[in-house]
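Report on the following structure.
Rule-based calculations on the coordinates, nothing more; no lab input. A quick note: this is a predicted structure, and the numbers were derived from the prediction, not measured. Positions of Cβ are backbone-derived with ideal geometry, glycine not excepted, and every protein chain shown enters the neighbour counts.
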Amino acid sequence: MRLSLKYGLNPHQKNASIEFDGKLPIEVVNGTPGYINLLDALKAYSLAKDLKEATSKPASASFKHLSPAGAAVSGSLTDSLKRALFAPLKEDISPLSEAFLKARGADRVASFGDFIGLSDICDEVTASLIAREVSDGVIAPGYTDRAREILKGKKGGRYVVLEIDEDYTAPLIEERSVYGIKFIEERNTYTPKDEDLSSEIVSECKDLPDSAVEDLKIALLTNKYAESNSIVYSKYSMAISVAAGGQSRIQSVRLGGDKADRFLLRLSDRVQSLRFKKGLSRNERDNIIESYLLDNSEMDVISSWREYFETEPVPFTFDEKKDYLSKIRGVSLSSDAFFPFSDSIKRASRSGVSYIVEPGGSIRDDLVIKEADRLGITLIFNNVRLFCH
């Protein structure tokens, strides 16, 4: 079967389509998907499905340009976390919509204009929350009648809604063509198990609570679909920061750590007590908070506070933020390949990381382990590299 697309990666690449032997396992319920839409959609659903399999919980993934901007499973949605995610505080929230809110809200800047993957049949609550966001499309194994109606009305009826056969299993062998040359490999079927994590602890600290096991699974599976080099910070049953496509591992750790810090700072009383002017959209408030937390922002929201706030906000100084973050513990981190130096462990610890999983195999593993021991971090070598290109 052949499905024609609007265009390829760019509008000037006109002749674009997908082909499949037999009946296509996805149905276009609404809209006209593009080449990138389908690449993101299939990856987003694959990650959400993997998360559901690994945790037995409804899951969601937000994809943007072939890497996850967020990923999460249901649960752990406190009121302070709801406020940080711009989630409705009083409305009933379904387990699937919990996962969506966390996947979509971890990094709203990165998720802006994303493609959403859902592990379960999309219900009305989840559809209503998706309808509020700037997004290109959604893929799920099904939709309730009301959810379908809501989503088909988004973007003036042009919102891309895809339904995938949940019984479909992708072939073990995958192919792709680059510059006319075909590449063939075995598909990455890795799914982390509890025993993979608990049996490979190489640090002196062996502490590994169930919550950390779940967070590490989420981080590992997000690594599996994030362009390498990738580092994922996780907490609250969600990826709180994804750093993908970095040429240097320490740079990815730093980028991911900076993003994780800003997310964790959103849970502080200082940020949650900000009084915004009425009428500001979620995206506007998100950008304002981002600027408030950055040390060198393009927008000075303090000096021009009357444009954004009802009352003048108290500046969040560098030392105050550092002190707040120094008290945070319990963050998990996954690396898609080994750490060649101990500098990544030092940087991770500054963002509250208590649990790290990586393949191991560096000639300096002993120094990495030594640094984890010095900082009281639980370090796991799972012996699985998760490069994605």
Label model pair GLN272, ASN15: point-to-point distance (7 angstrom along the Cα→beta-carbon line) in nm is 5.8
How large is the charge dipole for the chain, taken about the Cα centre, if only the Cβ atoms of Lys, Arg (+1) and Asp, Glu (-1) carry charge, to the nearest 20 debye? 980
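Indicate the gyration tensor shape class of the range 89-174 (rounded, prolate or oblate), computed on the Cα atoms with a ≥ b ≥ c the square roots of the eigenvalues: a/c under 1.5 is rounded; otherwise a/b larger than b/c is prolate and the rest oblate. Before the final figure, lay out each step's value.
On the way: a/c = 1.43, a/b = 1.35, b/c = 1.06.
The shape class here is rounded.
Under the definition of Cα pairs under 8 Å and six or more residues apart, what whole-number percent is the relative contact order of the range 277-342? Let's see the in-between values first.
Values: 27 pairs, mean separation 15.4, N = 66.
Relative contact order comes out at 23 percent.
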Among ALA16, ALA110, ALA131, which one moves the most in a GNM of the chain with springs linking Cα atoms closer than 10 Å? ALA16
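In µm²/s, what is D for the range 1-160 at 20 °C and 1.002 mPa s, where D = kT/(6 pi eta Rh) by Stokes-Einstein and Rh is the Kirkwood radius from Cα pairs?
Details: Rh = 15.8 Å.
It comes out at roughly 135 µm²/s.
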Any chance you could get the radius of gyration and Dmax over the Cα atoms of the range 269-315, in Å? 9.7, 26
If I stretch the segment between ARG83 and GLU312 completely, what's the gain in nm (0.36 nm per residue apart, minus their alpha carbon distance), one decimal? 80.5 nm
Sparsely packed trypsin sites (Lys or Arg not before Pro) within the range 1-63, loop by DSSP, other Cβ within 10 Å at most 15: LYS6, LYS14, LYS23
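List the trypsin sites (Lys or Arg not before Pro) within the range 295-389 that fall in a DSSP loop (any state other than H, G, I, E or B) and whose Cβ has at most 14 other Cβ atoms within 10 Å.
Details: sites: ARG306, LYS321, LYS322, LYS327, ARG329, LYS346, ARG347, ARG350, ARG364, LYS370, ARG374, ARG385; in loops: LYS327, ARG329, ARG350, ARG364, ARG385.
The qualifying sites are LYS327, ARG329, ARG364.
Give me LYS154, LYS206 ranked fewest to most by other Cβ atoms within 10 Å of their Cβ, as a rough exposure proxy.
On the way: LYS154 21, LYS206 10.
The fewest-first ordering by Cβ neighbours comes to LYS206, LYS154.
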Which stretch or stretches of the range 315-358 have amide N atoms under 18 Å from the point lying 7 Å from LYS370's Cα along the Cα→Cβ direction? 339-347
Derived scalar couplings ³J(HN,Hα) [the range 263-269; Karplus, 6.51 cos²θ - 1.76 cosθ + 1.60; whole Hz; x for Gly, Pro]: 5, 5, 5, 5, 8, 6, 4
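Restricting to the chain, compute how many DSSP beta bridges are antiparallel as a %, nearest 5. Let's see the in-between values first.
Numbers: 35 of 52 bridges.
Here the share of antiparallel DSSP bridges comes out near 65 percent.
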List the relative contact order of the chain as a percent without decimals, with contacts defined as Cα pairs under 8 Å and 6+ residues apart. 15
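What pairs from LYS152/LYS217; LYS155/LYS217; LYS82/LYS206; LYS6/LYS52; LYS82/LYS152; LYS23/LYS217 go past 30 Å between their alpha carbons?
Working: LYS152/LYS217 34 Å; LYS155/LYS217 35 Å; LYS82/LYS206 32 Å; LYS6/LYS52 32 Å; LYS82/LYS152 27 Å; LYS23/LYS217 33 Å.
Cα-Cα > 30 Å for LYS152/LYS217; LYS155/LYS217; LYS82/LYS206; LYS6/LYS52; LYS23/LYS217; rest within.
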Karplus-derived 3J(HN,Hα) from phi for the range 30-44 (6.51 cos²θ - 1.76 cosθ + 1.60, θ = phi - 60°), whole Hz, x at Gly and Pro, runs 7, x, 10, x, x, 4, 5, 3, 6, 4, 5, 4, 5, 6, 5
Name the long-range amide H neighbours of ALA69: under 5 Å, sequence gap of 5 or more, or other chain; modelled H, no Pro or chain starts. SER62, PHE63, LYS64
Those chymotrypsin sites (Phe, Trp or Tyr not before Pro) from the range 9-109 that are DSSP loop and have at most 14 other Cβ neighbours within 10 Å turn out to be PHE20
Going by how many other Cβ atoms sit within 10 Å of their own, how do ASP194, ASP92 line up, fewest first? ASP92, ASP194
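Which of VAL271, VAL160, VAL253 comes first, and how do the rest follow, when ranked by fewest Cβ neighbours within 10 Å?
Exposure proxy ranking, most exposed first: VAL271, VAL160, VAL253.
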Nearest-0.05 FRET efficiency for ILE173 and GLU27, computed from C-beta distance (R0 25 Å): 0.50
Candidates SER234, SER351, SER304; GNM for the chain (alpha-carbon contacts under 10 Å) flags as most fluctuating SER304
